[in-house]
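The values are calculated or read from the model by the stated rules, or taken from the named source; none is laboratory data. Predicted model, so just to flag it, every value in this text is computed and none were measured. Methodologically, a virtual Cβ is constructed for each residue, glycine included, from the backbone with ideal geometry; neighbour enumeration extends over all protein chains shown. Keep in mind that these areas ignore ligands, DNA and RNA; they rest on the heavy atoms of the full protein, side chains included. Shrake-Rupley method; radii C 1.70, N 1.55, O 1.52, S 1.80 Å.
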Amino acid sequence: MNKAQATTRIQKRNVAIIAEAALEVFSSHGFRGATVDQIAKEAGLSKPNLLYYFPSKEAIHGHLLATLMDTWLDPLRDLDPEGEPLDEVLAYVHRKIEISRSQPRESRLFANEILQGAPRILPMLKGELKVLVDEKAEVIRGWMAAGRLAPADPHHLIFSIWSLTQHYADFDVQVRAVLGPGVADPLIDAESYLVTLFTRMLSPG
C-alpha cells in the first residue's frame, strides 16, 4: 500500500463523511439555514479540513444533488424496452418506493431544491433528466400504440409515479400523523395500493 493509495482512501472516506453530515444538516435546516460550521461539527472535522475537500456550502450541496440525481435516474434507466410492459412499469414503481423507504432525507433535499426553483440543478433537469424521460416516454408510447398497455400520456404517467412514490418520503410526518401510530410502515400498504392502481390503469382491455 503506497502513500498515494492511502491518501486516496482517506479522501474518499472523508468526502463520504462530509456528504453524510451535510445531508443531515441540509435536511434539518434547509440550504439557507445550513452553515459550513454546522456541517463540519456534524462530520467531526475541523472547518479548515472540510474546506480542503469542498470550498463552500454550495459545493457540498451541489455534490449531494449530483449524486442524488444519479440515484433518481437509475431506476428509470433500467426500464427495459424488451421487457414485459406492465412488469417494467411496476418494477419502476417498486424501485421508487424503495428509494422513498431507504433514502427519505435525500428525497426531501431534492424536493426542497425543486421548491426553490432548482437554482443549482436546473441544467441537469433540462438536460440529462429531460433526455432520459423523453426516451422512456417514447418506449411507453410504443407499448401503448402496440396495445400492450392501456393508452395514457407517457410523460404524465412518469410524473404520477414520481409524485405517488416520493410523497411518502417528502410528507412522511403528514402520512404518519393521518394514519396514526398503529401503522409502523406506511410504505407496505402504499406499495400494494400503487401496484393495484397502476395495474388497473395500464392493463390493456
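Listing for the model above:
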item	result
Burial ranking of peptide ranges 150-156, 177-183 (average Cβ count within 10 Å, highest at the top)	150-156, 177-183
5 Å-binned pair-distance histogram of region 28-101 (Cα, whole percent)	3, 13, 18, 15, 12, 10, 10, 8, 7, 4, 1
Extension gain (nm, one decimal) between ALA91 and VAL178, 0.36 nm per residue minus Cα-Cα	28.6 nm
Pairs of Cα atoms farther than 14 Å apart, region 141-205, %	64
Dmax and Rg, reported as Rg then Dmax, of region 29-181 (C-alpha, Å)	18.4, 60
Residues of region 74-205: accessible area per residue with a 1.4 Å probe, Å²	54
Per-residue [θ]222 nm for the chain (sum of -39500 (n - 2.57) over DSSP H runs n ≥ 4, rounded to 500)	-25000 deg cm²/dmol
Rounded tilt (10° steps) of 57-77 against the dominant C-alpha axis of the chain	30
Whole-number Å³ per residue for the convex hull built on Cα positions in region 84-161	92
